[in-house]
Amino acid sequence: MKQLLTQLRDFAATIPGRVRHPTKRGVLLTLAAIPALVVLYVLILIPFTPSTDDLLKAKTAKPSVVMSSDGQVLAVFKRANRDWVKLEDMSPSVVAALIATEDHRFYDHHGMDFKRTISAVLHTATGKTQGGSTITQQLARNLYPEEIGRSVSLTRKLKEAITAFKIEAVYSKDEILESYLNTVPFLYNAYGIEMAARTYFDKSADELNVLQSATLVGMLKGTSYYNPVVNPERALQRRNTVLAQMVKHQKLPEAQLAALKKMPLNIEFERQDEELGSAPHLAQQLRRWLIEWADRNDYNIYADGLVLRTTIDSRLQDMANKALAAQVDRLQKTVAVDWRFNSGWKAKSGPARELALAFMRDTAEYKAARAKGQGDDQVIKALLTDAEFMQNLKDEKTRLQAGFMALDPTNGQVRAWVGSRDFARDQFDHVQQARRQPGSTFKPFVYGAAFENGAKPNDAFLDGVVEIPLGNGNFWRPTDGGGPSGEMMSLRQGLMFSKNTITAQVMHTVGPANVAKLARAMGVRQSKLEEVPSLALGTSPVTLKEMVAAYGTLANDGRYIEPIVVTQVENREGKVVEVFEPKLAETVMPATVAQTLLDVMRGVIDQGTGAAIRSRYGIQADVAGKTGTTQGNTDGWFIMMHPQLVAGAWVGFNDNRVTMADSYGQGARSALPMVGEFFQGAIKAKVVDVNLRFAAPPTSGVTEQDQLRIEALLNGAEPPQEHQPGQPVQSGDSGMGSILNTPNTPPSEGGPPRVWQPAPVIKYITVNGPGPEGAPGPNAPGGTPGVVLPPRGQPEGTVENMPTVPGVVVGAPIAPR
């Protein structure tokens with residue numbers, strides 16, 4: 001080894017002398033070495049170019065498709081926005097113009113035109129850059145842009161030439177022309193001659209005349225430079241050059257040239273948006289999933305013609321799309337005339353003004369101006385005078401959004417998925433990506449935890465003012481829209497009429513940890529649930545998918561099945577490559593408890609906040625559900641269950657600082673109509689069996705007399721509406737509460753409502769008692785806070801034995817009745 005290195009060093013030392021005094025033999029060896037090195041370099045590059053197998057695949061490339069459960073195409077995964085057409089379905093003038101302009105010796109070479117290449121090299125050497133690529137070489141770049149590259153270099157030209165020779169070996173000339181004309185880009189996300197014809201002339205490729213063909217072929221020299229939409233004069237000159245080339249190479253009679261050159265372009269421009277399919281949000285998620293699957297299994301989703309079978313029912317998907325679009329369009333008209341969204345933008349002061357300014361400071365325009373050193377006042381003033389900016393900002397912030405999902409509770413198969421009102425404008429998925437507060441749709445978890453703990457639907461609480469201690473002297477005071485009635489209300493009624501005061505007391509009894517645990521078990525498994533009292537009213541953000549899955553658990557007798565969309569993947573021959581079975585059901589709630597809760601939620605539809613399902617949409621099937629509304633009408637929800645189908649909808653603004661008005665913002669008015677119209681269509685199409693019933697036995701529910709009494713207490717609302725949750729208050733706030741501890745007595749079935757509490761409670765209040773040595777009384781400063789005094793007439797000695805809840809004022813003792 002040392003000897004070899006020594007010889008190499010000695011040889012290297014003689015090189016300078018050989019260069020200064022070349023010999024004839026040395027010159028000949030050098031001249032012979034140059035082509036040898038080029039050949040060697042080409043041989044080295046061959047493995048880095050597409051293989052023959054790759055070219056054969058590209059020749060038969062077929063995009064993957066997503067299919068619905070009923071055999072309809074939901075999406076096609078194409079590499080680009082193109083519509084492949086056969087060569088015989090193209091206008092002959094397109095092919096004639098292409099060959100005459102781009103490669104007139106196309107039929108005479110085998111991938112590389114050496115005469116044209118040498119000419120291009122000589123022109124480039126003199127400073128006049130000239131392209132020398134044949135149609136086949138250009139096709140190589142179009143098919144394999146990453147492998148070949150776009151840089152101006154010898155390596156790229158060699159890779160291009162090698163690939164072109166390979167293409168000529170496996171493609172016929174007609175196949176090369178067809179592939180080229182279907183892959184070449186034409187701006188505006190249009191690929192191939194068919195999409196170009198539609199984009200610039202509003203016709204198909206087979207309808208193009210010679211002028212239109214020349215215009216499109218002329219763009220190939222530089223699509224942006226010769227863009228007929230923005231540079232019509234250049235495009236016209238280039239078109240006429242193409243026509244002259246066609247005459248030169250006998251593709252067009254010379255007698256027609258003069259007249260054709262005088263003709264205008266006559267562009268009829270229209271963007272060709274990529275077909276999104278009926279479930280675009282889901283399709284985009286499936287595209288990402290399939291790419292990962294294909295990488296693991298050595299497939300190409302854009303060429304191997306995979307077939308992805310899904311659980312989506314195309315009929316239900318169409319119904320969901322129409323129901324969501326119709327409802328949100330109706331609501332948007334109401335938003336347009338909402339005074340808050342008009343005068344608020346022009347307000348000179350107050351909360352509306354501050355919110356508008358906050359919106360402006362969030363924009364890219366504001367941040368860019370501030371980055372340039374402009375002051376806040378200066379930027380705000382400029383933006384306020386920019387009418388177009390302000391209108392766009394208003395349109396963005398006041399554009400309502402919605403999401404919808406439906407699944408089969410018996411197997412977890414998703415039947416419909418609508419991520420927003422318009423995928424082209426709103427790619428954000430409000431089914432799986434958006435996390436919003438669920439409001440009262442979360443309450444069933446509270447009552448479910450209570451029923452698991454032994455409570456019965458007829459157990460009762462007092463509908464009074466409630467204060468729950470949060471620690472550090474703070475209280476949570478949940479309220480209802482119409483105020484407390486002072487009446488006893490059963491758990492059934494509390495959930496049916498979505499009473500916050502009743503739900504809060506149930507939560508206080510069972511505990512936030514148990515409620516959160518049940519919600520997670522039933523399906524809310526990705527979102528974080530804060531284990532605090534206000535969780536009872538749905539204050540922890542969740543996804544619509546999680547909520548619909550959880551309701552599916554309830555409809556499936558307490559058995560959770562993870563939602564599934566993909567059932568199997570097939571290859572292009574129809575052979576099944578992989579099957580995806582649903583996961584085994586997990587029993588997360590006793591069937592008897594699930595059936596009890598579901599029966600209570602039947603009452604929401606029959607007599608409660610979801611009564612419009614019966615009265616407005618005429619749905620008489622066995623259904624149960626729940627409405628939901630969050631603070632200030634920020635979010636509207638509705639989820640409904642049927643033995644075959646569970647469907648849920650959410651409505652709101654993307655920016656949760658923007659809220660809906662009372663007239664349309666509650667779940668029963670915003671989200672319920674989507675589910676109602678969807679089920680109405682599903683029943684009419686017989687996709688849902690109206691005669692099918694849940695296993696849960698129906699009970700008497702609320703009597704007509706109780707119904708009238710409750711409606712009166714709820715101020716006659718028809719149907720009863722959602723109530724807004726209360727806010728935390730300081731301990732100094734006034735007010736009486738009614739957190740009730742409840743008896744340990746065994747619950748009884750049937751009969752009138754009774755109080756559910758572990759121990760009797762005697763009314764007592766917390767006041768400032770007298771201080772030592774005759775200090776001032778209760779209302780004077782200096783007293784001793786926190787002294788518990790018994791009611792008038794109550795023996796003082798019994799106070800020590802009374803169960804107390806520190807800092808909570810409780811109501812009068814309630815006996816079972």
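The values are calculated or read from the model by the stated rules, or taken from the named source; none is laboratory data. Here the structure is a predicted model, which is why all the values come from computation and not from measurement. Every residue, glycine among them, receives a Cβ derived from its backbone with ideal geometry; neighbour counts consider all protein chains shown. Side chains are part of the model used for accessible areas, which takes the heavy atoms of the whole protein and leaves out ligands, DNA and RNA. Shrake-Rupley method; radii C 1.70, N 1.55, O 1.52, S 1.80 Å.
Close Cβ contacts (under 6 Å, 6 or more residues apart or on different chains) running from residues in segment 556-567 that are more than 17 Å from PRO643 (Cα to Cα) to residues that are surrounded by 18 or more Cβ atoms within 10 Å (Cβ to Cβ) and of a type in the set (A, V, I, L, M) comprise VAL565/VAL414. Determine whether GLY628 is over 24 Å from ARG315 (Cβ atoms) and crowded, with 23+ Cβ neighbours inside 10 Å. In short, yes. Criterion first (under 26 Å from the mean Cα position of the chain (by Cα), over 30 Å from THR699 (Cβ atoms) and of a type in the set (Ser, Thr, Tyr)) does THR441 satisfy it? When the stated conditions are applied, THR441 does not pass them. Among residues of segment 194-223 that are part of a loop (DSSP other than H, G, I, E, B), those with a Cβ under 7 angstrom from a residue that is at pLDDT 95 or above and β-branched (Val, Ile, Thr), sequence gap 6+ or separate chain, pair up as LEU208/VAL94. In segment 667-695, the residues that are without any contact (Cβ under 8 Å) to a residue 60 or more places away in the chain reach residues that are in a loop (DSSP other than H, G, I, E, B) with C-beta atoms within less than 6 angstrom, at least six apart or across chains, in these pairs: ALA668/THR609. The set of residues in segment 228-275 that are polar (S, T, N, Q), open to solvent by less than 90 Å² (accessible area, probe 1.4 Å) and assigned to a loop (DSSP other than H, G, I, E, B) comprises ASN231, GLN272.
Looking across segment 576-605, the residues that are open to solvent by 60 Å² or more (accessible area, probe 1.4 Å) and at pLDDT 95 or above come down to VAL576, GLU578, VAL579, GLU586, THR587, PRO590, THR592. The set of residues in segment 300-326 that are within 13 Å of PRO63 (Cβ to Cβ) and out of contact with any strand residue (DSSP E or B) (no Cβ under 8 Å at 6 or more places or on another chain) contains only ASN300.
Taking (1) of a type outside the set (S, T, N, Q); (2) in contact with a Gly (Cβ under 8 Å, 6 or more places away or on another chain); (3) closer than 26 Å to HIS430 by Cβ; (4) open to solvent by less than 10 Å² (accessible area, probe 1.4 Å) in turn, ALA519 satisfies each apart from (2). If we scan segment 673-691, do we find a residue that is at pLDDT below 90 and hydrophobic (A, V, I, L, M, F, W, C)? No: zero hits.
The single residue among LEU355, LEU316 that is more than 26 Å from SER69 (Cβ to Cβ), surrounded by 15 or more Cβ atoms within 10 Å (Cβ to Cβ) and in contact (Cβ under 8 Å) with a residue 40 or more places away in the chain turns out to be LEU355.
Taken over segment 531-548, the criterion of being over 13 Å from PHE445 (Cβ atoms), modelled with pLDDT of 95 or more and not β-branched (Val, Ile, Thr) is satisfied by PRO541, LEU544, LYS545. With respect to being buried (at least 19 other Cβ atoms within 10 Å of the Cβ), assigned to a helix (DSSP H, G or I) and modelled with pLDDT of 90 or more, LEU324 fits the description.
Of the residues examined, LEU331 is not one that is open to solvent by 50 Å² or more (accessible area, probe 1.4 Å), in contact (Cβ under 8 Å) with a residue 60 or more places away in the chain and in a helix (DSSP H, G or I). Looking across segment 359-388, the residues that are open to solvent by less than 30 Å² (accessible area, probe 1.4 Å) and of a type in the set (A, V, I, L, M, F, W, C) come down to PHE359, MET360, ALA369, VAL379, ILE380, LEU383. Of the residues making up segment 553-575, not a single one is modelled with pLDDT under 95, open to solvent by 10 Å² or more (accessible area, probe 1.4 Å), in a loop (DSSP other than H, G, I, E, B) and of a type in the set (A, V, I, L, M).
Listed by position, the helices (runs of 4 or more DSSP H) enclosed by segment 347-458 that each have at least 2 residues that are under 30 Å from MET489 (Cβ atoms) and at pLDDT 95 or above are 443-452. Among the residues of segment 488-495, none qualifies, meaning not one is among the charged types (D, E, K, R) and in a strand (DSSP E or B). Applying the selection to segment 526-552, what residues are part of a helix (DSSP H, G or I), buried (at least 24 other Cβ atoms within 10 Å of the Cβ) and more than 16 Å from the chain's Cα centre (by Cα)? Listed by number, the residues that qualify are ALA536, LEU537, ALA549, ALA550, TYR551, GLY552.
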